[in-house]
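Q: Could you have a look at this structure, given as structure tokens, before my questions?
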Amino acid sequence: MSADNDSPFALIAKFQKSIPVDIEGLARALGITVSYVELGQHVSGALMRDARKGGPSGFAILVNFSNAPNRQRFTLAHEIAHFVLHRDLIDTALSDDTMYRSFLSSEYETQANRLAADILMPIMVVKGLLQRGFGSQEMAARFRVSEHEMKIRVDGLRRPA
């Protein structure tokens, strides 16, 4: 992580100050190496311990280069979320299929998906844009996420707590 020993959540908050979030920069700041490689049709990304190819953290993320750019961004955010939340559970590698499922329980996958959405679509920024009349399509383009992801985010904000 950065030289001033920020917590992962403090680093995430720093990167959320500009939209779209520089998700690759966040990975670098967390000490993670990111590579875009062919992972096949059914694998979107993987987080792995790699003392040789991993960054200062000892971890590397692989992202399927054949996926659409917005999909790659969400995959990278999802794998960063696993790093932040679950890295102590990973022996060598964690691979997520196209539905963001891995050997971890669905609870952990749900946690990673939620944090990925929080990273890419900061709640206060989304709320502010909604109040100013921005629609899902316009916000999706601004945040560089899919319209589907943005609609899920907006729907989640409209549901009572």
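The values are calculated or read from the model by the stated rules, or taken from the named source; none is laboratory data. Because the structure is predicted, anything quoted here is derived from the model rather than measured. Cβ coordinates were reconstructed from backbone atoms using ideal geometry, including for glycine residues, and neighbour counts include every protein chain displayed. Ligands, DNA and RNA are excluded from the accessible area calculation, which covers all protein heavy atoms including side chains. Shrake-Rupley method; radii C 1.70, N 1.55, O 1.52, S 1.80 Å.
Q: Restricting to Cα atoms and excluding each atom paired with itself, what does the Kirkwood estimate give for region 37-91 in Å?
A: Computed over region 37-91, the radius equals 11.5 Å.
Q: In deg cm²/dmol, rounded to 500, what helix-only [θ] at 222 nm does the chain give when every DSSP H run of at least 4 residues adds -39500 (n - 2.57) and the total is split over its residues?
A: Computed ellipticity for the chain at 222 nm equals -14500 deg cm²/dmol.
Q: Run the simple label-point estimate for SER18 and ARG52 please: 7 Å along Cα→C-beta, distance reported in nm.
A: 3.5
Q: Using a Cα-Cα cut-off of under 23 Å, which lysines could be cross-linked to LYS151, ignoring same-chain neighbours fewer than 8 residues away?
A: Straight-line reach from LYS151, under 23 Å: LYS17, LYS127.
Q: For the chain, give the percent of accessible area contributed by carbon and sulfur heavy atoms, probe 1.4 Å, rounded to a whole number.
A: 53
Q: Which of LEU129, LEU115, LEU11 ends up with the largest GNM mean-square fluctuation for the chain, with Cα atoms connected below 10 Å?
A: LEU129
Q: Same structure, new question: Report the net charge of residues surrounding PRO20, where surrounding means a beta-carbon distance below 10 angstrom and charges are Lys +1, Arg +1, Asp -1, Glu -1.
A: Here the count lands on +2.
Q: Towards the positive end of the charge dipole of the chain, with charges on Cβ (+1 Lys, Arg; -1 Asp, Glu), say which of VAL84, PRO20, PHE134 has the farthest Cα.
A: Value: PHE134.
Q: Keeping all protein chains in place, calculate the accessible area per residue for the chain (probe 1.4 angstrom), answer in Å².
A: So the chain comes to 53 Å² accessible per residue, rounded to a whole number.
Q: Please work out the FRET efficiency for the pair GLU107 and SER66, using the Cβ-Cβ distance as r and a Förster radius of 22 Å; give the result to the nearest 0.05.
A: In this case the efficiency is close to 0.15.
Q: Please report, to one decimal in angstroms, the Kirkwood hydrodynamic radius of the chain built from all distinct Cα-Cα pairs.
A: By the Kirkwood definition, the hydrodynamic radius is 16.0 Å.
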